[in-house]
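Okay, structure first, notes after.
The values are calculated or read from the model by the stated rules, or taken from the named source; none is laboratory data. Quick caveat: nothing in here was measured; it's all calculated off a predicted structure. Here the Cβ is made from the backbone with ideal geometry for all residues, glycine too, and neighbour counts use every protein chain on show.
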Amino acid sequence: MTDTNLFFISDTFVEEDHMTDSKRFAYKNPKPRCGGNLKTRWNYTEPAYRMAPHVWNVGGQDDVSAYLLDSGEGLILIDTGYEDTLYLLIDHIWRIGYDPADIKKILLTHYHGDHSQGARLIQEMAGGKENCEIWLSEADEINHQRTKDETVPMEVLPYEVTNFYDPQEPIMLGRFVIRTRLTPGHTWGATSFFFDDTDEETGKTYHCAMHGGLGTAMMKPGTQRMEHELMTPEGAFRFIRDCLELAEMDVDINLPSHLNQANLDENLPEDLNDYTWFVNDYSWHDMLVNRAEEVMSYYPEIYPDLVRTIPTLK
């Protein structure tokens, strides 16, 4: 089957055959998944798999990613997933040969519980805040404190943010130099990460990127989600601009924060250690353009001539 790009023109579409058969990763509308079915979370498990030379997705379920980075001088964990699936994350870290107690930094993309629920427990397992830092943006620390006593959609164990992101100061540990950028929209403090990872066996270096939050419901005018996030149309317009700008970056490996953002769970390699399966020049670009166009569709008075160029898989 040949992949095609769908260019929508009024009520019809035309197909452009410039995509290749290897274009397997694309944004897909979320299916029933772990986050909506935590009482039967064992039905939504995923294995650990390697996504870059020293990066593994150890989240353990089909919803939220949690990336383990081996810096050579300690481990970094980007997002923690749900408290109810923490047993899977810990199991996966052990299975790929690492000790969760060696996690030195927990980097949270944003404050929502599906990304932060495990932060306190992992920090305690790693020796407390003296040995394991928890990072968040200053904007989302405000949101964290504002919502810390809420129990809907989920309760989050108390955790203390030890470090704030600074776009002028990269996060450094061992082989990794991680640069951050504030990318509001999903939340006001959603933060994206950019770093290189080198395969010592081949000598190849890969540009890796993870966007801090691509859910768009909270940017849709008149919704409770928008009200709860204190989001504004100006925040939505910034999200659009940021996505379109970042889409032009040279990224070799896209690390989506939710698996559906690149349809990962339906496209895992047979060899779960083969990170080269995820190397491509389109996934990052297409994911961000797709999300920008989705938010643009919420504001037809601002974007009356919107033509969707990157379709969403159904």
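Residues being in a helix (DSSP H, G or I) and not charged (D, E, K, R): count how many of those fall in segment 37-83.
Start the filter on segment 37-83 by keeping residues that are in a helix (DSSP H, G or I), which leaves 38-44, 83.
Still in the list and also not charged (D, E, K, R): 38, 40, 42-44.
Adding up the residues that qualify gives 5.
Go through Thr187, Thr180, Thr151 for me and flag whichever is more than 19 Å from the chain's Cα centre (by Cα) and either in a loop (DSSP other than H, G, I, E, B) or polar (S, T, N, Q) (or both). Reasoning before the result, please.
Details: Thr187 fails: more than 19 Å from the chain's Cα centre (by Cα); Thr180 fails: more than 19 Å from the chain's Cα centre (by Cα).
Being more than 19 Å from the chain's Cα centre (by Cα) and either in a loop (DSSP other than H, G, I, E, B) or polar (S, T, N, Q) (or both) holds for just one of Thr187, Thr180, Thr151, which is Thr151.
Right, Asp197: touching a Gly at 6+ places or on another chain (Cβ under 6 Å), buried (at least 21 other Cβ atoms within 10 Å of the Cβ), of a type in the set (D, E, K, R) and modelled with pLDDT of 95 or more or not? Spell out how you get there, then give the answer.
Working: touching a Gly at 6+ places or on another chain (Cβ under 6 Å): no; buried (at least 21 other Cβ atoms within 10 Å of the Cβ): yes; of a type in the set (D, E, K, R): yes; modelled with pLDDT of 95 or more: yes.
Judged against the criteria, Asp197 is not a match.
Mind counting the residues in segment 199-227 that are in a helix (DSSP H, G or I) and in contact with a helix residue (DSSP H, G or I) (Cβ under 7 Å, 6 or more places away or on another chain)?
Just the residues of segment 199-227 that are in a helix (DSSP H, G or I), to begin with: 217-219, 224-227.
Of the ones still in play, those that are also in contact with a helix residue (DSSP H, G or I) (Cβ under 7 Å, 6 or more places away or on another chain) are 217-219, 225-226.
So the count comes out to 5.
Quick check: is even one residue across segment 115-125 touching a residue at least 60 places away in the same chain (Cβ under 8 Å), touching a His at 6+ places or on another chain (Cβ under 9 Å) and within 19 Å of Asn57 (Cα to Cα)?
Pass one, segment 115-125, residues touching a residue at least 60 places away in the same chain (Cβ under 8 Å): 115.
Applying the additional criterion that residues be touching a His at 6+ places or on another chain (Cβ under 9 Å) yields none.
Looking for residues that are touching a residue at least 60 places away in the same chain (Cβ under 8 Å), touching a His at 6+ places or on another chain (Cβ under 9 Å) and within 19 Å of Asn57 (Cα to Cα), one finds none in segment 115-125, hence no.
Can you tell me how many residues within segment 99-147 are part of a loop (DSSP other than H, G, I, E, B) and more than 22 Å from the chain's Cα centre (by Cα)? Lay out the reasoning, then the answer.
Filtering segment 99-147 for residues part of a loop (DSSP other than H, G, I, E, B) gives 99, 108-112, 117-118, 126-132, 137.
Applying the additional criterion that residues be more than 22 Å from the chain's Cα centre (by Cα) yields 99, 126-131.
Final tally of qualifying residues: 7.
Could you run through segment 42-57 and say how many residues are buried (at least 19 other Cβ atoms within 10 Å of the Cβ) and out of contact with any His (no Cβ under 8 Å at 6 or more places or on another chain)?
Step one: of segment 42-57, the residues buried (at least 19 other Cβ atoms within 10 Å of the Cβ) are 44, 46, 48-57.
With out of contact with any His (no Cβ under 8 Å at 6 or more places or on another chain) added as a condition, the list becomes 44, 46, 49-55, 57.
Summing the residues that are buried (at least 19 other Cβ atoms within 10 Å of the Cβ) and out of contact with any His (no Cβ under 8 Å at 6 or more places or on another chain) in segment 42-57 gives 10.
Residues are listed down the side, and each one gets a yes or a no for (1) surrounded by fewer than 23 Cβ atoms within 10 Å (Cβ to Cβ); (2) charged (D, E, K, R); (3) touching a helix residue (DSSP H, G or I) at 6+ places or on another chain (Cβ under 9 Å):
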| position | (1), (2), (3) |
| --- | --- |
| Gln61 | no, no, yes |
| Ala66 | no, no, yes |
| Gly81 | no, no, yes |
| His92 | no, no, no |
| Leu108 | no, no, yes |
| Arg146 | yes, yes, no |
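Which of the numbered conditions does Pro311 fail, given that it passes all the others? Conditions: (1) at pLDDT 95 or above; (2) closer than 15 Å to Tyr27 by Cβ; (3) buried (at least 17 other Cβ atoms within 10 Å of the Cβ).
So the condition that Pro311 fails would be (1).
For residues that are closer than 15 Å to Val55 by Cβ and in contact with a Phe, Trp or Tyr (Cβ under 8 Å, 6 or more places away or on another chain), tally how many sit in segment 84-105.
Here is the first cut: in segment 84-105, the residues closer than 15 Å to Val55 by Cβ are 89, 92-93, 96-98, 103, 105.
The next check asks that each one be in contact with a Phe, Trp or Tyr (Cβ under 8 Å, 6 or more places away or on another chain); those that pass are 92, 96, 105.
Within segment 84-105, residues that are closer than 15 Å to Val55 by Cβ and in contact with a Phe, Trp or Tyr (Cβ under 8 Å, 6 or more places away or on another chain) number 3.
Among the numbered criteria (1) within 19 Å of Ile178 (Cβ to Cβ); (2) of a type in the set (Val, Ile, Thr); (3) surrounded by fewer than 23 Cβ atoms within 10 Å (Cβ to Cβ), which one does Val152 miss?
(1)
From Met231, Met249, Met287, which residue is under 23 Å from Asp196 (Cα atoms) and either modelled with pLDDT under 95 or part of a loop (DSSP other than H, G, I, E, B) (or both)?
Numbers: Met231 fails: under 23 Å from Asp196 (Cα atoms); Met287 fails: either modelled with pLDDT under 95 or part of a loop (DSSP other than H, G, I, E, B) (or both).
Every option except Met249 fails the conditions.
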